Amino acid sequence: MKIATFLFIVFLIPGFISAQKHIQVKNQRFEMNAIRNGAPVKVETKNFGLKLNYETGEFYARINMTESRLYADEDVEYRIPGDEILEITGIIPINEIIDNRAQKQQYVYELNVKHLSANVTVVFTFDVGHISNTNRGFTMFRINGRINLMDFEVEDLKGYDPEVELLMDFQGYMLGG
């Protein structure tokens, strides 16, 4: 009886886990667009972590901006520890977005952008497109929002206009379920 129960649990748990839907994220890109002394400035990185929870809608992006800061090291007298990390968090109904198979969609959500001690609510636009191929379909996300550097207690803008555009592109693949 113990062996039968053990085998039942061993085969039931992996089946239950693989039946749950979750999203695998690929081809991530984060970009900032700004204006400095009247000229456009663009920095980007693929060095960030992004997590999407299909069930709860939790959205979490942690961007390491060490290589893609707007300010060069020569522009500032000293660095504040932790200023290389930008976090974007919030809740979006990712299950509704993924399950809506319309070719193109647009959603607007408020997410929190955190840098150092400042945590600012920002309105982001999600442009979503579904692509299907013979192997499996995926969803393409392009997320953009505007932040104001003054909201993040940046005192010396070093010639930058205070408004900066944030962009994230990534692909989400459905796994399980």
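What are the residue pairs meeting all of these: first residue in the range 156-177, first residue under 26 Å from Q24 (Cα atoms), second residue aromatic (F, W, Y), Cβ atoms under 6 Å, and 6 or more apart or on different chains? Going by the 6 Å Cβ cut-off, the qualifying pairs are M168/F30; F170/F141; Q171/F138; Y173/F138. Among the residues of the range 107-125, the ones that are modelled with pLDDT under 90 and not aliphatic (A, V, I, L, M) come to 2 in all.
Residues of the range 44-64 that are assigned to a strand (DSSP E or B) and at pLDDT below 90: E44, T45, F48, G49, L52, I63, N64.
The set of residues in the range 33-48 that are among the polar types (S, T, N, Q) and either under 13 Å from L167 (Cβ atoms) or surrounded by 12 or more Cβ atoms within 10 Å (Cβ to Cβ) (or both) comprises N33, T45, N47.
Scanning the range 135-177 for residues that are within 18 Å of Y54 (Cα to Cα) and of a type in the set (F, W, Y), we see that the one that is surrounded by the fewest Cβ atoms within 10 Å (Cβ to Cβ) is Y173.
Residues considered: E165, E155. Of these, the only one that is more than 19 Å from G57 (Cβ to Cβ), modelled with pLDDT of 90 or more and acidic (D, E) is E165.
The values are calculated or read from the model by the stated rules, or taken from the named source; none is laboratory data. Model, not experiment: these values are computed from the prediction. Reconstructed Cβ throughout: ideal geometry from the backbone, glycine too, with neighbour counts over all protein chains shown.
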